[in-house]
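Reviewing the structure listed below.
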Amino acid sequence: MDVIFNRRSIRRFKEQAVEQEKIDKILRAAMQAPSAVNQQPWEFIVVRDKENLKKLAGISAYARMVADAPLAIVVLGNEDRMRLQHHWEQDLSAATQNILLEAVYLGLGAVWLGVAPIEDRMNYIRDIFGLNKKLRPFCVIPIGYPAEGQENRFVDRYDPSKVHYDKY
């Protein structure tokens, strides 16, 4: 499980396209995530168009790297598939984590850029892609080959002071 320990937020990428085969594997990994009552409320927009990547970079001050990424995946929740409305963010978080881990496994880098529950950000993405209100933008994940100095590598974050047994 080295991918769990080596995953880092990668914000700079090489100017190298990501192969379709790797994109497919990333999306398959996303859809293997657990979800409440197996509702699988996720949908994904794979963005490779440079103009749309530049637009996505405007979702927040922390999203500028999207413009220079070879691709980004917009993770959406589809209300029509949400039998348990209160668990969609958990479902999409699990799918997003699978995307990040599969990217590392495939030699890629990625970073999770939060969108939901911030309505301005959600509406911004809806406007870019002409989405209806039943599609809830959850996050944007720029993906690519890590630039020099941006590699996925182990950093020990274990902190025993945060572990409690049987009581707090």
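The values are calculated or read from the model by the stated rules, or taken from the named source; none is laboratory data. These numbers were taken from a predicted model, which means no experiment stands behind them. Quick reminder, even Gly has a Cβ in these numbers, built from the backbone with ideal geometry, and neighbours come from all protein chains shown. Side chains included, ligands, DNA and RNA excluded: accessible areas come from the protein's heavy atoms. Shrake-Rupley method; radii C 1.70, N 1.55, O 1.52, S 1.80 Å.
What to note about this one:
- The orientation-averaged projection of the convex hull spanning the C-alpha atoms of segment 110-162 amounts to 6.3 square nanometres.
- Remark: accessible surface ordering of Y145, Y124, Y62 (largest first) is Y62, Y124, Y145, probe radius 1.4 Å.
- Fully extending the segment from R64 to D24, taken as 0.36 nm per residue of separation minus the present Cα-Cα distance, adds 11.9 nm.
- For K22, solvent-accessible area (1.4 Å; no DNA, RNA or ligand), Å²: 40 Å²
- Cα shape, segment 46-129, gyration tensor, a/c 1.5 rule: oblate
- The value of relative contact order for segment 1-144, using C-alpha pairs under 8 Å at least six residues apart, is 34 percent.
- F5 accessible area, assembled protein chains, probe 1.4 Å, Å²: 120 Å²
- Sequence-ordered 3J(HN,Hα) estimates for segment 153-168 from the Karplus curve with 6.51, -1.76 and 1.60 and θ = phi - 60° stand at 8, 5, 9, 6, 10, 5, 9, x, 5, 9, 9, 10, 10, 6, 7, 8 Hz, glycine and proline given as x.
- Entry comment: accessible area of segment 25-168 is 56 Å² per residue, from protein heavy atoms only and a probe of 1.4 Å.
- Amide proton proximity set for F13, modelled H, under 5 Å, gap of 5+: A147
- Each eigenvalue of the Cα gyration tensor of the chain, multiplied by 5 and square-rooted, gives one semi-axis; in descending order these are 24, 23, 15 Å.
- Based on alpha carbons, the Rg and Dmax found for segment 87-141 are 12.4, 35 Å.
- Other residues within the sphere of radius under 13 Å centred on the Cβ of D120, judged by their own Cβ, net out at 0 (K and R +1, D and E -1).
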